[in-house]
1. Restricting region 59-76 to residues that are touching a Lys or Arg at 6+ places or on another chain (Cβ under 9 Å) and not acidic (D, E), which is farthest from L275 (Cα to Cα)?
2. Here is a check on your reading of the model: is H188 surrounded by fewer than 24 Cβ atoms within 10 Å (Cβ to Cβ) and either assigned to a helix (DSSP H, G or I) or free of Cβ contacts under 8 Å to residues at least 24 places away in the same chain (or both)?
3. Identify all residues within region 53-79 that are in contact (Cβ under 8 Å) with a residue 12 or more places away in the chain, outside any strand (DSSP E or B), open to solvent by 60 Å² or more (accessible area, probe 1.4 Å) and over 20 Å from L268 (Cα atoms); write none if there are none.
4. Restrict the check to region 30-37 and report whether at least one residue is within 30 Å of R276 (Cβ to Cβ) and in a loop (DSSP other than H, G, I, E, B).
5. Could you go through region 155-173 and let me know if any residue there is under 16 Å from the mean Cα position of the chain (by Cα) and among the acidic types (D, E).
6. When region 89-101 is examined, which residues are found to be touching a residue at least 12 places away in the same chain (Cβ under 8 Å), open to solvent by 30 Å² or more (accessible area, probe 1.4 Å) and not aliphatic (A, V, I, L, M)?
7. From Q118, Q69, which residue is in contact with a His (Cβ under 7 Å, 6 or more places away or on another chain), modelled with pLDDT of 95 or more and polar (S, T, N, Q)?
8. Which one of the conditions (1) of a type outside the set (A, V, I, L, M, F, W, C); (2) assigned to a helix (DSSP H, G or I); (3) more than 12 Å from H197 (Cα to Cα) does K164 fail to meet, given that it meets all the rest?
Amino acid sequence: NAQLSLHEVAKIWRPRPAEAHKGTMGHALLVAGSRGIAGCAVLAGEACLRSGAGKLTVETPEENRLVLQTTVPEAITTLDEPESLAAYQAVGIGPGIGLDERARGLTERTLRRAADVQAPVVVDADALRLIAKDAGTLAILEGHSVLTPHRGEMLAMMQEMEMKDDDVGHAAHTVAVGLHTVVVLKGHPTRIFLPDHKVLACPRGNAGMATAGSGDVLTGLITGLLAQGYTPAEAATLGVWLHATAGDLAAEDLGQECMLARDITRHLPDAFRELRTTTGTP
């Protein structure tokens, strides 16, 4: 495993162009939440916008609309599946969508529509378990996606895919190379498995990030970076670093025991500030 460094991550980050407007900074789509489960959509949505994405649409059930419009008013909320995803530069799917047949169909249709317009996709949480059951759906992801499982989700995927491997790291490597995709195996350290066999380990992060919603924040962050034109490998690397750095800053302020997932998002500005300082960007 190669260990990530601040210098390497700073080379990936691109300062915001002075002439930027919301139409040039990417429009992301997040498919998140289900009946009574709105928090994951809120957490992923705010992190997506904090990444620098120009616009965000959140696709979620009717019951979640008021919560989202109140907590993330900058986002567009839609209750309907778009027939085409041509308007979006990146898609994130999975947090809180459930594991029922409705969620299965939603996941398959979204991934196929994203592939039709070559929009990169972040697949997380429930969507990971759903796609693992269907080799045809898995094949859709090849070459343009980021999978973000934690250990439990990776084990569930291994079971569904009937993988005999008992090492989650080796399994993540197999999926990354086999599907020509990026796999972010969340933990401490979080490791990024690339399709060219490289494995990058993030030295930052802490146990305080082991709290509900932390992964949703990472999903939104990586989705927002993809929408801005970063490649899947770049978005995963930069997103993991920013997420872990913000988590460390939150732990300094609050202590690991008192951290909430939204505290990670609140410290993203300071994580970006470190990149600006390192590169000498105003």
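1. P61
2. Numbers: surrounded by fewer than 24 Cβ atoms within 10 Å (Cβ to Cβ): yes; either assigned to a helix (DSSP H, G or I) or free of Cβ contacts under 8 Å to residues at least 24 places away in the same chain (or both): yes.
In short, yes.
3. Keep residues of region 53-79 that are in contact (Cβ under 8 Å) with a residue 12 or more places away in the chain, which gives 53-65, 67-68, 71-72, 74-79.
Narrowing further to those that are outside any strand (DSSP E or B): 53-54, 60-65, 67-68, 71-72, 74-75, 79.
Then drop every residue that is not open to solvent by 60 Å² or more (accessible area, probe 1.4 Å), which leaves 62-63, 65, 67, 71, 74, 79.
Result: E62, E63, R65, V67, L79.
4. At the first step, the residues of region 30-37 found to be within 30 Å of R276 (Cβ to Cβ) are 30, 32.
Filter again for in a loop (DSSP other than H, G, I, E, B), leaving 32.
Yes: one or more hits.
5. There is no residue in region 155-173 that is under 16 Å from the mean Cα position of the chain (by Cα) and among the acidic types (D, E).
6. Q89 - this is the single residue of region 89-101 that is touching a residue at least 12 places away in the same chain (Cβ under 8 Å), open to solvent by 30 Å² or more (accessible area, probe 1.4 Å) and not aliphatic (A, V, I, L, M).
7. Numbers: Q69 fails: in contact with a His (Cβ under 7 Å, 6 or more places away or on another chain).
The unique qualifying residue is Q118.
8. Answer for K164: the failing condition is (2).
The values are calculated or read from the model by the stated rules, or taken from the named source; none is laboratory data. Keep in mind the model is a prediction, meaning the values are calculated, not measured. Note: ideal-geometry Cβ built from the backbone for every residue, glycine included; neighbour counts use all protein chains shown. The accessibility values were calculated without ligands, DNA or RNA, using every heavy atom of the protein model including side chains. Shrake-Rupley method; radii C 1.70, N 1.55, O 1.52, S 1.80 Å.
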